[in-house]
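The values are calculated or read from the model by the stated rules, or taken from the named source; none is laboratory data. These figures come from a predicted structure and were not determined experimentally. Counting neighbours? That spans all protein chains shown, and the Cβs are built from the backbone with ideal geometry, glycine included.
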Amino acid sequence: MSRKHVAVLMGGFSSERPVSLSSGKACAEALEAEGFDVTRIDVARDVSEKLAALKPDVVFNALHGPFGEDGTIQGILEYLEIPYTHSGVLASALAMDKDKAKLVAAAAGITVAESQVVNRFAFPSTHPMKPPYVVKPVREGSSFGVVIVTEDQAHPPQIVSSPEWRYGEEVIVERYVYGRELTCGVMGETPLGVTEVVPQGHNFYDYDSKYAAGGSKHVIPAKISPNIYQKIQTLSLRAHQAIGCRGVSRSDFRYDDRFSEDGEIIWLEVNTQPGMTPTSLVPEMAGHAGYSFGQFLRWMVEDASCLR
């Protein structure tokens, strides 16, 4: 019986290219160790021609950011009829749009922070909402472009409307939620463990906290009450299902327990292409559930399909 041929898509041309290259390298090496025939593809504009010629059995999608996780590459794979990992066209596009994903989550009974979408060229000269608040691109990942506006700032951040801004024309302005950073993965229809992310030397879980060695501390299982732990798992699965995710996803939350243990739990977003780097969260969650990295990736390959 011939070995399954897996094409690992990595790199690409979004802001998250370096992260994707790291994810793709780790996944390709682990899949080879699991006995798969692996072809690495650094994605360029000719990816459809490369895949049509290669004819792999499965595509492992290790791309991050626009094109890789917004439904675009998923549409190409559907057209080519090549089974692929992670979510399909609709769920990927929906999850990538933070504003529309929040509307769907709220309709499913998940609490989200108050927010509004503003065109960056019409960004107001006065605060669009009472500080503190967060400004972030509507369609980016890895905390690119995120700006926290504190209570003592007299004016909105000018970077948003400046020529240096390169994260799209629309931004989402969202109430800043105090508290702890909690995150929970979903594998198929099963929530994984809850992790608390504690940034080390950073004000929030920014790009360096996510990907630099020692940038953050991951506490799994999170040191929270069993009731809150289970609630985070339940909300993660509900978001995964409401948005239509497949395979693996990860939901991020803020948990404000300053005044009571019940506190406030706010869902921030769902990530349909969680990182697979050595410092990434979901592989750690899978490890906590008893899967080696290779076993986890094997499950994802076996779960791959079209019409996701």
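Scan 237, 297 and give me the residue that is in contact with an Asp or Glu (Cβ under 8 Å, 6 or more places away or on another chain) and closer than 20 Å to residue 93 by Cα.
The unique qualifying residue is 237.
So which residues in the range 13-50 are over 16 Å from the mean Cα position of the chain (by Cα) and in contact (Cβ under 8 Å) with a residue 60 or more places away in the chain, if there are any at all?
Passing the criteria: 26, 27, 30, 31, 33, 34, 36.
Inside the range 101-156, can you point out the residues that are surrounded by fewer than 17 Cβ atoms within 10 Å (Cβ to Cβ) and assigned to a helix (DSSP H, G or I)?
103, 106, 107, 121, 122
Among the listed residues 134, 171, 147, identify the single one that is outside the structural domain of residue 241 (by TED's automatic domain parsing), without any contact (Cβ under 8 Å) to a residue 24 or more places away in the chain and aliphatic (A, V, I, L, M).
Exactly one of 134, 171, 147 is outside the structural domain of residue 241 (by TED's automatic domain parsing), without any contact (Cβ under 8 Å) to a residue 24 or more places away in the chain and aliphatic (A, V, I, L, M), namely 147.
Residue 77 fails exactly one of the following numbered conditions: (1) buried (at least 18 other Cβ atoms within 10 Å of the Cβ); (2) within 15 Å of the chain's Cα centre (by Cα); (3) assigned to a helix (DSSP H, G or I). What is the number of that condition?
Here residue 77 meets the rest and fails (2).
So if I check each of 186, 270, 194, 198, which one is part of a strand (DSSP E or B) and at pLDDT below 95? Let's see the steps before the verdict.
Working: 186 fails: at pLDDT below 95; 270 fails: at pLDDT below 95; 194 fails: at pLDDT below 95.
The match here is 198.
Within the range 257-269, how many residues turn out to be surrounded by 11 or more Cβ atoms within 10 Å (Cβ to Cβ), more than 16 Å from residue 110 (Cβ to Cβ) and touching a residue at least 60 places away in the same chain (Cβ under 8 Å)?
1
Going residue by residue through the range 277-290, is there one that turns out to be in a strand (DSSP E or B) and β-branched (Val, Ile, Thr)?
So far as the range 277-290 goes, no, none of its residues is in a strand (DSSP E or B) and β-branched (Val, Ile, Thr).
Residue 43: closer than 22 Å to residue 281 by Cβ, among the hydrophobic types (A, V, I, L, M, F, W, C) and in contact with a Gly (Cβ under 7 Å, 6 or more places away or on another chain), yes or no?
Working: closer than 22 Å to residue 281 by Cβ: no; among the hydrophobic types (A, V, I, L, M, F, W, C): yes; in contact with a Gly (Cβ under 7 Å, 6 or more places away or on another chain): yes.
No, not satisfied.
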